[in-house]
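Heads up, the thing below is written out as structure tokens.
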Amino acid sequence: MGKAPRSIATSAGLGILFGVLGIAPLCAAEEENPLEALREAARGFVAQDLGLQEEEIQIPPLDRRARVPACDGPLTFRWPFPSNATVEAYCASTEERLFLRVTFAKAPKSRGARTGGFPGWQVMAAHRAGDVLRQADLKPAPEALPGSQPYRGPAPDGTTRLRVLRPLEADDLILQDSVRLERKVLRAEATLAAKLRLPHPQLTETWVPAEGLPGDVLNPDAVPPLVALNRPLAAGSMLRASDLSSAMLVEKGQRVRVALSQGALVLEADLIAEEEGSLGEIVVLLNPETGRRLRARVTGPGQADHAP
């Protein structure tokens, strides 16, 4: 897009968001509901980035199990996919992210399509039907043929590719009906249960036609770490951002390695979790030897830091 990503500040402990992007500071009610604050900040980013009025933009309510990414610095809003159907709130320091769906009163122009008088693309060399075109195979066309319908979509970028449907000669203008845009996705080979941690060997990479795909279908490289399925995924289904939630890294009854800081010393102890928790959540742990309990913040699978 050629624009710098927008950011919003977030507290790792409370997930309280402070307004930027010209958004007024959050009131107390908003602070109590960080997910709603995140939705409003995301809507402000979309409005500024696409030059729209906020009234034209809708960010559907998030699943109540969703969590604002814990972050030491500001969260960054960015577009993870070529369409305008999904915006991502991302933390660079922890690599946590949350995907939010976007709908519009009227569809904006796609960021992937070139505007103005862009005439389309030419192929560098001859290709047969069934060949796959990559970015290095294309060059901008100097002009479109009168009456032609050239393909003016994005050039392949590793997450997309062009499948040749009709033979092309060197320097041919690529027409809409001579290629098919395809996207790389993750498809379930068998039905997968809710709460299943990802990645999973039965979610395999495959290429599918891009036309008609929901905007939040995930590219394999865009699947965030430490996530799980929030609902069953049927065999043959493609993984979508709306299928994901933070994975439970600590289960009730599980033995958890806890880091305890005492001055300059850091001690570790194995305690028993009395409740489940995902990354960044506070859980209660039991010391089976003394019967004492303490609160700790989940930092990884079976790991936590003391949170006095």
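The values are calculated or read from the model by the stated rules, or taken from the named source; none is laboratory data. All figures in this text were calculated on a predicted structure; none of them were measured in a lab. Here the Cβ positions follow ideal geometry from the backbone for every residue, glycine too, while neighbour counts run over all protein chains shown.
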For this session: Considering every residue within segment 205-214, establish whether at least one is of a type in the set (A, V, I, L, M, F, W, C), farther than 30 Å from Arg134 by Cα and not assigned by TED's automatic domain parsing to the domain that holds Leu138.
Result: no
Exercise. When segment 138-167 is examined, which residues are found to be part of a strand (DSSP E or B) and either in the same structural domain as Gly215 (by TED's automatic domain parsing) or charged (D, E, K, R) (or both)?
Worked result: Lys139, Arg161, Arg163
Seminar exercise, completed: When restricted to Ala194, Ala170, the only residue of a type in the set (A, V, I, L, M, F, W, C), assigned to a loop (DSSP other than H, G, I, E, B) and closer than 30 Å to Arg128 by Cβ is Ala170
Exercise. Of Val123, Val185, which residue is over 26 Å from the mean Cα position of the chain (by Cα), at pLDDT 90 or above and not charged (D, E, K, R)?
Worked result: Val123
For this session: Test Lys184 against the criterion of being charged (D, E, K, R) and not in a strand (DSSP E or B), and give yes or no.
Result: no
Exercise. Can we say Leu260 is under 23 Å from Ala70 (Cα atoms) and not polar (S, T, N, Q)?
Worked result: yes
Problem set entry | Single condition Val185 does not satisfy, out of (1) surrounded by fewer than 18 Cβ atoms within 10 Å (Cβ to Cβ); (2) touching a strand residue (DSSP E or B) at 6+ places or on another chain (Cβ under 7 Å) | (1)
Seminar exercise, completed: Considering residues that are aliphatic (A, V, I, L, M) and closer than 16 Å to Glu88 by Cβ, the number found within segment 35-53 is 6
Seminar exercise, completed: If we ask which residues in segment 240-266 are farther than 30 Å from Pro214 by Cβ, aliphatic (A, V, I, L, M) and either outside any strand (DSSP E or B) or modelled with pLDDT of 85 or more (or both), their number turns out to be 5
Exercise. Are any residues in segment 188-218 surrounded by 18 or more Cβ atoms within 10 Å (Cβ to Cβ) and in contact with a Gly (Cβ under 9 Å, 6 or more places away or on another chain), and if so, which ones?
Worked result: Ala188, Ala210
For this session: For Arg240, indicate whether it is free of Cβ contacts under 8 Å to residues at least 60 places away in the same chain, within 24 Å of the chain's Cα centre (by Cα) and under 20 Å from Tyr90 (Cα atoms).
Result: yes
Seminar exercise, completed: The correct count of residues that are more than 18 Å from Arg97 (Cβ to Cβ) and either among the basic types (Lys, Arg) or surrounded by fewer than 16 Cβ atoms within 10 Å (Cβ to Cβ) (or both) in segment 33-80 is 9
Exercise. Residues in segment 116-124: is at least one outside any helix (DSSP H, G or I), polar (S, T, N, Q), at negative phi and exposed (fewer than 13 other Cβ atoms within 10 Å of the Cβ)?
Worked result: no
Seminar exercise, completed: Checked pairs for segment 191-204, first without any contact (Cβ under 8 Å) to a residue 12 or more places away in the chain and of a type outside the set (Phe, Trp, Tyr), second in a loop (DSSP other than H, G, I, E, B) and exposed (fewer than 13 other Cβ atoms within 10 Å of the Cβ), C-beta under 6 Å and 6 or more apart or across chains, list as none
Exercise. Can you tell me which residues in segment 267-294 are among the hydroxyl-bearing types (Ser, Thr, Tyr) and either in a strand (DSSP E or B) or touching a residue at least 60 places away in the same chain (Cβ under 8 Å) (or both)?
Worked result: Ser278
For this session: For segment 197-236, enumerate the residues that are part of a loop (DSSP other than H, G, I, E, B), small (Gly, Ala, Ser) and closer than 22 Å to Val102 by Cβ.
Result: Ala210, Gly212, Gly215
Exercise. Asp137 is checked against (1) modelled with pLDDT of 90 or more; (2) acidic (Asp, Glu); (3) within 21 Å of Pro214 (Cα to Cα) and fails just one. What number does that condition carry?
Worked result: (3)
